[in-house]
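The values are calculated or read from the model by the stated rules, or taken from the named source; none is laboratory data. Since the structure is predicted, the reported quantities are computational estimates derived from the model, not experimental observations. Methodologically, a virtual Cβ is constructed for each residue, glycine included, from the backbone with ideal geometry; neighbour enumeration extends over all protein chains shown. Just the protein is used for accessible areas: all its heavy atoms, side chains included, with ligands, DNA and RNA removed. Shrake-Rupley method; radii C 1.70, N 1.55, O 1.52, S 1.80 Å.
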Amino acid sequence: MTELRRRGGGDGDPDSLSETISDKEADGEDRLGVPGEPGTEGDSESKAGTPDAPPSTTDNTPQFLNKAVEGLNPRWKNWWIRGVLSLAMISAFFMMIYLGPIMLILVVMSIQIKCFQEIIDIGYRVYHSYELPWFRTLCWYFLICVNYFFYGETLAEYFGALVQREEPLQFLVRYHRFISFALYLAGFCMFVLSLVKKHYRLQFYMFAWTHVTLLIVVTQSHLVIQNLFEGMIWFLVPVSIVICNDIMAYLFGFFFGRTPLIKLSPKKTWEGFIGGFFGTLVFGFILAYLLAQFQYFVCPVEYDSESNRFTVQCEPSDIFVMHEYTLPFAVQNIIRWETVTLYPYQIHSVALSTFGSLIGPFGGFFASGFKRAFKIKDFADTIPGHGGIMDRFDCQYLMATFTHVYIASFIRGPNPYKVLQQLLVLQPEQQLSIFKTLRDRLQEKGMLPSTM
């Protein structure tokens, strides 16, 4: 505290002094071992504190856009830049949807890699990891290992017919988890061998940084792909809900915002938060109605071994078939309707919209706290007016995790296709035993003749 007073007492301003002290105390838990400081062990440890100033970024706004908004005040200039580029990204998103599930999977993978790179680069700058041996190599190696594990699991689960046809794939699927573990162990051993005495603590900081990044980015992006295989509607509606809530909250906050919402994100307001909630509810309900009418969106994405491509053809499940619902008496008295006809999925969309607009923003608040902790404005400057890719997808990952849990808890039932794929992997004797057991059970229920 004495040192803090000494640092903050230069201008004699009490408010400035108290702010400096509180900032230092707030950052106290984030300070790492710095040589020469009392209470830290090992003078040979590298300095690894947060930087005094955020890294410099360049304005990569397209020249034509800068000229178009020239002369506007900064607030409206930022509004137009964000708006134009948001429309461009939404248009590109529609194009990806048109190109089908393979393109969407590739887009998710690309976004995952870019988000991983942005977070790792922050650690690289913040902790001054420029001289750590093998640091970047090991980061990307672990990314490859984790992706190999997750996409291998997806291959085994959704591409059973292809696996049965290709013998090398059968070997890889059979020993997939062992191979994945062996690959990870190789990286683990490389990390241990790379330890250098004067960098011990910093190397373990970066080891933890890498693994937390893998948990946040790679694991949750895999859930996005899992949702996609359940049906494109389970991918499109949650993603669109987050986009809509972001836009609605921004618009309501821009035009009507007066009351600050949370200190972590000073520009967020209660007016934007509440307006975004109601706007997202309406949007999600309408979007669910529109998409539920098309097999292309509601059918699970499956691999057709005969045509060697993904198919989205099926008999829609009950949640995508119109049902008639009786309204509560209180509602009947207000709108004069006794019943309404809608898709059950529209009711599920209300749950998704509620989460996306009330809890989803906390993913953004978490990211804001992260950036404040390391004194940076954005994860990167990839998208003018928006920041980095991670700045746009901080809420998407949380939403994808909720959607996956929601499907597993309330939607998904036994999948005959997956059961069949598992049966085909068994030995002929095992398949015959299961056939006899199933035949006997069906005969007992009278569904098969006893002479069969």
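The HN-Hα couplings worked out from phi for the stretch 110-117 by the Karplus form 6.51 cos²θ - 1.76 cosθ + 1.60 (θ = phi - 60°) are 5, 5, 4, 5, 5, 4, 4, 4 Hz, whole numbers, x standing for Gly and Pro.
All C-alpha to C-alpha distances of the stretch 73-186, sorted into 5 Å bins beginning at zero, yield P(r) values of 2, 9, 12, 13, 14, 14, 12, 10, 7, 3, 2, 1, 0 percent in whole numbers. If each residue of separation counts as 0.36 nm, what is the full-extension length gain between Asn333 and Phe188 once their alpha-carbon separation is subtracted? That works out to 45.6 nm of additional length.
Keeping the other protein chains in place, figure out the carbon and sulfur percent of the accessible area of the stretch 326-452, with a 1.4 Å probe.
Working: 4920 of 7530 Å².
Exposed carbon and sulfur together represent 65 percent of the surface.
Sort 237-245, 363-371 by the packing proxy (mean of other Cβ within 10 Å over each peptide's residues), most packed first. Could the numbers behind the result be given before it?
Numbers: 237-245: 24.6, 363-371: 18.8.
Ranked by mean Cβ neighbours within 10 Å, highest first: 237-245, 363-371.
Within the stretch 172-303, what whole-number % of the accessible surface is contributed by carbon and sulfur, with the 1.4 Å probe and all protein chains included in the calculation?
Answer for the stretch 172-303: carbon and sulfur cover 75 percent of the accessible area.
Net length available on complete extension from Ile286 to Leu342 is 19.1 nm, with 0.36 nm assigned per residue and the Cα-Cα distance removed. Highest mean packing comes first when the peptides 344-353, 317-326 are listed by Cβ atoms within 10 Å, giving 344-353, 317-326.
So which of Lys268/Lys375; Lys114/Lys267; Lys114/Lys198; Lys77/Lys375 end up more than 22 Å apart by C-alpha? Spell out each step's value before the answer.
Numbers: Lys268/Lys375 19 Å; Lys114/Lys267 26 Å; Lys114/Lys198 31 Å; Lys77/Lys375 24 Å.
Distance filter (> 22 Å) returns Lys114/Lys267; Lys114/Lys198; Lys77/Lys375.
At full extension, Arg177 and Arg75 could sit 31.5 nm farther apart than now, given 0.36 nm per residue minus the alpha carbon distance. The equivalent ellipsoid that matches the C-alpha gyration tensor of the stretch 294-339 spans semi-axes of 40, 8, 6 angstrom, in descending order.
Averaged per residue, what accessible area in Å² does the stretch 166-240 show with a 1.4 Å probe, protein chains only? Spell out each step's value before the answer.
Working: 3630 Å² over 75 residues.
Result: 48 Å² of accessible area for each residue.
In this structure Met96 has an accessible area near 50 Å², from a 1.4 Å probe over the protein heavy atoms. Taking label positions 7 Å along the Cα-Cβ direction at both Arg165 and Met96, the computed distance is 2.8 nm, reported to one decimal.
Beyond 14 Å, how much of the Cα-Cα pair distribution for the stretch 94-153 remains, as a whole percent? Intermediate values should be presented prior to the final figure.
Numbers: 1183 of 1770 pairs.
Counting every Cα pair in the stretch 94-153, those more than 14 Å apart make up 67 percent.
Distances between every pair of Cα atoms in the stretch 166-291, grouped in 5 Å steps from 0 to the bin holding the largest one, split as 2, 9, 10, 11, 11, 11, 11, 9, 9, 9, 6, 2, 0 percent.
Using equal-weight Cα scatterers in the Debye expression, the normalised intensity of the stretch 235-380 in log10 at q = 0.09, 0.13, 0.17, 0.19 Å⁻¹ is -0.43, -0.76, -0.99, -1.09. Tell me, what is the per residue accessible area of the stretch 246-358 in Å², probe radius 1.4 Å? Heavy-atom SASA per residue in the stretch 246-358 reads 61 Å².
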